[in-house]
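The values are calculated or read from the model by the stated rules, or taken from the named source; none is laboratory data. Since we're looking at a predicted model, the values are computed, not measured. Using ideal geometry, Cβ is built from the backbone for each residue, glycine included, and neighbour counts are taken over all protein chains shown. These accessible areas exclude ligands, DNA and RNA; they are computed on the full protein's heavy atoms, side chains included. Shrake-Rupley method; radii C 1.70, N 1.55, O 1.52, S 1.80 Å.
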Amino acid sequence: MKKLNYLFLIILTSSAIFLSCSTVPLTGRSQLNMIPSSEMLAMSYQQYDEFLSENKLSTNMAEVNMVKRVGVNIQRSVEKYMADNNLSSRLNGYKWEFNLVEDDQVNAWCMPGGKVVVYTGILPVTEDEGGLAVVMGHEIAHAIAEHGNERMSDQLLQQIGAVGLMVAMKDEPAETQALWLSVYGVGTTVGFLLPYSRTQESEADHLGLIFMAMAGYDPYVATSFWQRMAKSGGATPPEFLSTHPSYDTRIKNLNNWIPEAMKYYKK
């Protein structure tokens, strides 16, 4: 009887994982996304509003308008790509928003549903609208690729297993919310998002390059931006100790993807 119960648990767990697999647009990578999209969006909108209420929005209208302009341009390119590839349903429930926050951190992020924040501290490195498009394209790509859902799913699966996940999502919303805060690093002083994996970071570089090109921004600007980031970032740990690709690896990858991105680029 115990063997039958164990076998049933394996089958149920395997089925839950299989049914929760999805594919990342453009790259085609398979990923595990076990959190319902409606749940991800609801938590995202709540946390985004709380963050904005606790932080100061920039009053520099030239910079604010630039952030919103770049954001809308990339939003439109994403929506067009998804429509052209019969993937528009993946944007259901999106409520795009682009805000510039007064903060010296060299940082930006995008939560599920297209909720973007850019910190004023990164603008000296982006230098202009093209550089900003590199950053925003990259961050929006994380959301489109559903990397946040993937991270939550991986952590939940490690902690409680696929069957336990189904129970947690239904009966333990507080625990699910706590994991959300952990994954997205809300309230930390070292940056809003905890590090993505190297695979996810490279994937966001790739997708972001395509999206910025579709929005009319020169893909070659991306390598210049990351060269400036390398100079401004100071000493970095060896790549095998870091969750992010090294600057050299990142720039090399971008150079390899630029010919593909140029096919989408229209001035």
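The conditions of being at pLDDT 90 or above and surrounded by 14 or more Cβ atoms within 10 Å (Cβ to Cβ) are met by W257.
Right, S89: of a type outside the set (F, W, Y) and out of contact with any strand residue (DSSP E or B) (no Cβ under 9 Å at 6 or more places or on another chain) or not? Yes; evaluated as a whole, the condition is true for this residue. Of all residue pairs spaced 6 or more apart or on separate chains, none has beta-carbon atoms under 7 Å together with a first member in the range 85-109 that is closer than 17 Å to I74 by Cα and free of Cβ contacts under 8 Å to residues at least 24 places away in the same chain and a second member that is basic (K, R) and surrounded by 15 or more Cβ atoms within 10 Å (Cβ to Cβ). Checking each residue in the range 60-79 for being surrounded by fewer than 21 Cβ atoms within 10 Å (Cβ to Cβ), of a type outside the set (S, T, N, Q) and either more than 21 Å from A145 (Cα to Cα) or touching a Lys or Arg at 6+ places or on another chain (Cβ under 8 Å) (or both) picks out M61, A62, E63, V64, M66, K68, R69.
A single member of N107, N86 is closer than 18 Å to V64 by Cα and open to solvent by 10 Å² or more (accessible area, probe 1.4 Å), and it is N107.
Each residue in the range 187-210 was checked for being closer than 16 Å to N149 by Cβ, at pLDDT below 85 and not hydroxyl-bearing (S, T, Y), and 3 pass.
Among the numbered conditions (1) more than 17 Å from the chain's Cα centre (by Cα); (2) at pLDDT below 95; (3) charged (D, E, K, R); (4) surrounded by 11 or more Cβ atoms within 10 Å (Cβ to Cβ), the only one that R29 does not meet is (1). Count of the range 54-81 residues, restricted to those that are of a type in the set (A, V, I, L, M, F, W, C), free of Cβ contacts under 8 Å to residues at least 60 places away in the same chain and part of a helix (DSSP H, G or I), is 4.
Just one of the listed residues (E39, E54, E50) is surrounded by fewer than 19 Cβ atoms within 10 Å (Cβ to Cβ), out of contact with any Leu (no Cβ under 7 Å at 6 or more places or on another chain) and more than 20 Å from Y119 (Cβ to Cβ), namely E39.
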